[in-house]
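What follows is one structure encoded as structure tokens, with my remarks underneath.
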Amino acid sequence: MKRHLVSAADLTRDDALLILDTAEELTRVADRPIKKLPTLRGRTVVNLFFEDSTRTRISFEAAAKRLSADVINFSAKGSSVSKGESLKDTALTLEAMGADAVVIRHHDSGAPHRLATSGWIGGCVVNAGDGTHEHPTQALLDAFTLRRRLADGPRRGIGADLSGRRVTIVGDILHSRVARSNIHLLTTLGAEVTVVAPPTLLPVGIERWPCEVSYDLDAVLPKSDAVMMLRVQRERMNAAFFPTEREYARRYGLHGGRMARMPAHALVMHPGPMNRGMEITAEVADSPRCTAVEQVAGGVSVRMAVLYLLLGGAEPAVSTPRTEETQ
Ligand code: NCD
């Protein structure tokens, strides 16, 4: 595995499976009375968030704490970044504090790559979402959820990839780092990906991406094992990309009637935050087929696995609990 996790494209099939299998082992920790492992004791993880986040920031914080790392949370609001401090000076400050891993979310595509290649910091860099570029741990947690839900048998998919699974990603592909990372990772794991969006919300050159493109959601639904709905990212839109919200919801939104077109086993996924009533109705969001909350839970295990593997834990990720811990 590479030293940093900047793009889902950096992961080979074996890397991805190692992360997913390690995450699977680590979910067992969540069922213990004491959820903490000593694995990263003495290590420092910095969460460097230049953009708003609920799920991702909390999830990385919980993951690092469950591995006993020291965690420093930094958000640009209220810091010297709002006084104009550059990424370089912020990075040098973190380096002076001895950060072993820097988890970065930034509004500029490429900021994590810059941090990983600049030599400003010695620790490893984990991309927690950069602009419209990538969000690799989101793709990993989505693959984790897919593999668990679609697997048969008690081992919940350990060692298995997603060969032959058909995943449909719907909505604002143009602005979605979640879609980009998922297209890389899901195809690496053998899945077939179809994207469905209005032509205005598809990136230029999409025909060269390893996915099918469709404009007809109703036609694709019956052939999907999972349908991933994306948020319409208004904060990244500087023009009108569709006529009205009603029109968007009518053509590309997932409502109960549409969900009924999906096979009985098929899942509805959403990375959150959801625009209820826009890309997804409340009826679908609250149905047992929607895995949005399960995705968040899996996110903690996946991020624990990433931090553990990147920080090169010499001990096994999960050791048998000591007697005093189990009593
Ligand atoms: C996504 C993100 O920030 O890219 N959310 C997340 O990380 N859970 C998707 C979004 O904002 O729509």
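For this structure, a couple of remarks:
- The residue list Leu201, Leu230 contains one member that is within 16 Å of the ligand (Cβ to nearest atom) and either over 20 Å from Ala266 (Cα atoms) or outside the structural domain of Val268 (by TED's automatic domain parsing) (or both), which is Leu201.
- Every residue from the range 276-314 that is buried (at least 21 other Cβ atoms within 10 Å of the Cβ), touching a residue at least 40 places away in the same chain (Cβ under 8 Å) and within 16 Å of the ligand (Cβ to nearest atom): Glu279, Ile280, Thr291, Gln295, Gly298, Gly299, Val300, Ser301, Val302, Arg303, Val306
- Criterion (surrounded by 24 or more Cβ atoms within 10 Å (Cβ to Cβ), out of contact with any Phe, Trp or Tyr (no Cβ under 8 Å at 6 or more places or on another chain) and among the β-branched types (Val, Ile, Thr)) met by exactly one of Val220, Val167: Val167
- Assessment of the range 247-260 against the conditions (away from the ligand (no atom under 16 Å from the Cβ), farther than 27 Å from Thr54 by Cα, in contact with a strand residue (DSSP E or B) (Cβ under 8 Å, 6 or more places away or on another chain) and not β-branched (Val, Ile, Thr)) yields at least one matching residue.
- Of the criteria (1) without any contact (Cβ under 8 Å) to a residue 60 or more places away in the chain; (2) in a helix (DSSP H, G or I); (3) more than 16 Å from the ligand (Cβ to nearest atom), which one His113 fails: (1)
Listed here are the residues, each with its yes/no results for (1) outside the structural domain of Ala143 (by TED's automatic domain parsing); (2) among the aromatic types (Phe, Trp, Tyr); (3) at pLDDT below 95; (4) closer than 18 Å to Arg258 by Cβ.
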{"residue": "Ala179", "(1), (2), (3), (4)": "no, no, no, no"}
{"residue": "Leu185", "(1), (2), (3), (4)": "no, no, no, no"}
{"residue": "Val193", "(1), (2), (3), (4)": "no, no, no, no"}
{"residue": "Ser214", "(1), (2), (3), (4)": "no, no, no, yes"}
{"residue": "Arg234", "(1), (2), (3), (4)": "no, no, yes, no"}
{"residue": "Glu245", "(1), (2), (3), (4)": "no, no, yes, yes"}
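- Annotation note: of Leu40, Leu20, the sole residue that is within 15 Å of the chain's Cα centre (by Cα), more than 16 Å from the ligand (Cβ to nearest atom) and of a type outside the set (Val, Ile, Thr) is Leu20.
- Checklist (1) within 26 Å of Thr132 (Cβ to Cβ); (2) in contact with a Gly (Cβ under 7 Å, 6 or more places away or on another chain) applied to Thr39, failing item: (1)
- Of all residues in the range 49-71 being more than 10 Å from the ligand (Cβ to nearest atom) and either surrounded by fewer than 16 Cβ atoms within 10 Å (Cβ to Cβ) or on the phi > 0 side of the Ramachandran plot (or both), the one that is nearest to the chain's Cα centre (by Cα): Ile58
- Test for Thr132: is it of a type in the set (Ser, Thr, Tyr), touching a residue at least 40 places away in the same chain (Cβ under 8 Å) and crowded, with 24+ Cβ neighbours inside 10 Å: no
The values are calculated or read from the model by the stated rules, or taken from the named source; none is laboratory data. This structure is a prediction, so every number in the text was calculated from the model and none was measured. Counting neighbours? That spans all protein chains shown, and the Cβs are built from the backbone with ideal geometry, glycine included.
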